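For reference, the structure is listed below as structure tokens.
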Amino acid sequence: NEKKEERVRYSHECIENQIRSLGDAAYAMRDSETAISAYRLARDDFKSDRAHKHLGAANEMLARSLWTIAKETTEITNSEERQLRRDAIQAADASTAGLAATAREEA
């Protein structure tokens, strides 16, 4: 059963979830740059494994981290801020697409 395989593949001990947890901890500590790096790394692993639910969740937190850094960082130019916001919107769109793919697979 493919659905069951995905749950087993990403146990708490696996590197993908450890990287995701690193991103979550960094986000909680307001270290957006570390969070962004961790979420991007986890996202790429989830994408290559076609794990849409995990991919959607990683993209959601990537979007939140990008938006946070764009909103709170005072040392960036207006064009850098606009690019961060565009990246955040793209990550949010990718999150929605990943979660929609999960819903289609489970239907």
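The values are calculated or read from the model by the stated rules, or taken from the named source; none is laboratory data. Computed from a prediction, not measured in an experiment: that's the story for all the values here. Cβ atoms come from the backbone with ideal geometry, glycine included; neighbour counts cover every protein chain shown.
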Checking the conditions here, which among Tyr39, Tyr10 is in contact (Cβ under 8 Å) with a residue 40 or more places away in the chain and under 16 Å from Gly98 (Cβ atoms)? Tyr10
Yes or no: segment 50-57 includes at least one residue that is outside any helix (DSSP H, G or I) and out of contact with any His (no Cβ under 7 Å at 6 or more places or on another chain). yes
Listed by first then second residue, the pairs whose first member lies in segment 91-102 and is under 18 Å from Ile36 (Cα atoms) and in a helix (DSSP H, G or I), whose partner is modelled with pLDDT of 90 or more and of a type in the set (Lys, Arg), with beta carbons under 6 Å and at least 6 positions apart or on separate chains, are none
From the list Ser37, Ser79, exactly one residue is more than 30 Å from Ala107 (Cα to Cα), part of a helix (DSSP H, G or I) and modelled with pLDDT under 90. Which is it? Ser79
Can you tell me which residue within segment 61-102, out of those that are among the hydroxyl-bearing types (Ser, Thr, Tyr) and more than 16 Å from Ala51 (Cα to Cα), is surrounded by the most Cβ atoms within 10 Å (Cβ to Cβ)? Ser65
